Amino acid sequence: MTETIYYNSWLTEYKRPFGAVRVNEKVTFTITCERPVVESVYLIVQKDFGDTFEIEMHSKGDSHYQVTVSLTEGQGLYYYFFKLTLPKEKQTKTLYYGNNQQSKGGAGHIYEAENQVKPYQLTSYLYDDASPNWYREGVAYHIFVDRFYNGNEDGKVANPKKKFFFVC
């Protein structure tokens, strides 16, 4: 029997609220585990360069497990993934569910070993910093002077970068 485990960091039915969260704001995580028996599901969270903590998720009775947490360790980056314990004959089997192989967020991937897991990232910020209208509605230009005019009369780039495509 194969396990059907699913979580998607881009959908609010799995992570609410979407995106970065304020310090001490509550975040609800939900994971789907379609299998007749799941012994336990844990959310594993690690603060960047900090402690790792494990929080048991609770069954909602419909193949969904959920937990609500507050990120109280302060602002910064947090990394998280899921640990699932499944019964298998006379012993238990542990699976991990983390970010996809490209670490791009969204739907994840099942891992057999904890040291292989690519965790999801969650940013926690201290205060709102609203950007001014001129920044949100404006257009910004970035001129790479070394590529615009480098002083060579023949117009050739003096030190071209590898895998670089230049158009005049």
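The values are calculated or read from the model by the stated rules, or taken from the named source; none is laboratory data. Remember, it's a predicted structure, so these values are computed and weren't measured experimentally. Here Cβ is always computed from backbone atoms with ideal geometry, including for glycine, and neighbour counts include all displayed protein chains. Accessible surface areas use protein heavy atoms only, side chains included; no ligands, DNA or RNA. Shrake-Rupley method; radii C 1.70, N 1.55, O 1.52, S 1.80 Å.
Numbers at a glance
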quantity: Restraint check, K60/K104; K15/K47; K26/K88; K26/K104; K47/K161, Cα-Cα greater than 26 Å; calculated: K60/K104; K26/K88; K47/K161
quantity: Residue-normalised accessible area of the chain, given per residue in Å² at a 1.4 Å probe; calculated: 70
quantity: Full-extension gain in nm, W10 to F144, via 0.36 nm per residue minus C-alpha separation; calculated: 44.8 nm
quantity: Helical contribution to [θ] at 222 nm, DSSP H n ≥ 4, -39,500 (n - 2.57), averaged over the chain, rounded to 500; calculated: -1000 deg cm²/dmol
quantity: Spatial separation of Cα centroids for the range 41-112 and the range 9-27, in angstrom; calculated: 14
quantity: Among [x] 47, 46, 26; [y] 77, 37, 28; [z] 50, 37, 33, the entry that matches Cα extents along the principal axes in Å as calculated here; calculated: [y]
quantity: Burial order of peptide ranges 9-17, 46-54, 58-66 (average beta-carbon count within 10 Å, highest first); calculated: 9-17, 58-66, 46-54
quantity: Carbon/sulfur fraction of accessible area - the range 19-144, other protein chains in place, 1.4 Å, %; calculated: 47
quantity: Förster radius 35 Å - calculated FRET efficiency between E34 and D128 (Cβ-Cβ, nearest 0.05); calculated: 0.35
quantity: Two-site label geometry, E153 and K88: point separation in nm, points 7 Å out along Cα→Cβ; calculated: 7.3
